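Student: Would you mind keeping the following structure in view while I ask a few things?
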Amino acid sequence: ALIVGDGEAWQTVLRFNLRPGEWNYLALVRTEDAFTLYLDGKPVASQATPGLQIEDSPLPLDIGNWVGKDRPFNGDIKEVRILKRALAPGEVAAAVESVRGKLP
């Protein structure tokens, strides 16, 4: 799940499933009013989030189950990129193709 906090409460924005034991290329794209999650270049979840404000925070970005602490991440992460702009669907697909065949 993608969970964001606003300083007062946690909000689940997206729910999705990954394939256990396999490499998954996950891309989360945020536009002004929505989040879209791509798995291996294909959109698998989307949620409109009108009015959701995400502010700069001194807290760290956590990947895993920091909120629930009952299902810790147990795997490998090859790369994390954070951009200042939303990728277009074609850019996400091209990024997947650029790494296809390079992973174990």
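The values are calculated or read from the model by the stated rules, or taken from the named source; none is laboratory data. Source: prediction; values computed, not measured. Ideal geometry is used to build each Cβ from the backbone, glycine not excepted, and the neighbour counts take in all protein chains shown. Just so you know, the surface numbers come from the protein's heavy atoms only, side chains and all, with ligands and any DNA or RNA stripped out. Shrake-Rupley method; radii C 1.70, N 1.55, O 1.52, S 1.80 Å.
Student: Rank T31, T49, T12 by mean-square fluctuation in a GNM of the chain with C-alpha springs under 10 angstrom and give only the top-ranked residue.
Tutor: For the chain, modelled as a Gaussian network with Cα springs under 10 Å, the answer is T12.
Student: Measuring with a 1.4 Å probe in the full set of protein chains, what accessible area per residue, in whole Å², belongs to the stretch 50-101?
Tutor: Heavy-atom SASA per residue in the stretch 50-101 reads 91 Å².
Student: Of the labelled options (1) 0.95; (2) 0.97; (3) 0.91, which one gives Rg/Rh (Cα atoms, Kirkwood Rh) as computed for this structure?
Tutor: Computed from the coordinates, Rg/Rh (Cα atoms, Kirkwood Rh) corresponds to (1).
Student: Residue separation times 0.36 nm, minus the C-alpha to C-alpha distance between N24 and I82: what's the value?
Tutor: 19.2 nm
Student: Using alpha carbons only, how many degrees (0 to 90, rounded to 10) separate the axis of helix 89-99 from the longest principal axis of the chain?
Tutor: Here the helix axis deviates by roughly 50 degrees.
Student: Something else now. Running a GNM on the chain with Cα contacts under 10 Å, which residue among N24, N74, N65 ends up with the highest mean-square fluctuation?
Tutor: Taking springs between Cα atoms under 10 Å, the residue moving most is N74.
Student: Shifting gears a bit: Within 10 Å of each candidate Cβ there may be at most 10 other Cβ atoms; applying that plus a DSSP loop requirement, which trypsin sites (Lys or Arg not before Pro) in the stretch 26-99 survive?
Tutor: Working: sites: R30, K69, K78, R81, K84, R85; in loops: K69, K78, R81, K84, R85.
Those satisfying the criteria are K69, K78, R81, K84, R85.
Student: Still on this structure, please answer the following. Tell me the label-point distance for the pair K69, W10, using the 7 Å Cα-to-Cβ offset, in nm and rounded to one decimal.
Tutor: With each label placed 7 Å out from Cα toward Cβ, I get 1.0 nm.
Student: Okay, moving on. Of all accessible surface on the chain at a 1.4 Å probe, what whole percent is carbon and sulfur?
Tutor: C and S atoms contribute 51 percent here.
Student: Right, next: What is the chain's relative contact order, in percent, from Cα pairs under 8 angstrom and six or more apart in sequence?
Tutor: Contact order relative to length: 20 percent.
Student: Work out, step by step, the length gained on full extension between K102 and T31: first 0.36 nm times the residue separation, then minus their alpha carbon distance; give nm to one decimal.
Tutor: On the way: separation 71, 0.36 × 71 = 25.56 nm, distance 2.92 nm.
22.6 nm is the gain from fully extending K102 to T31.
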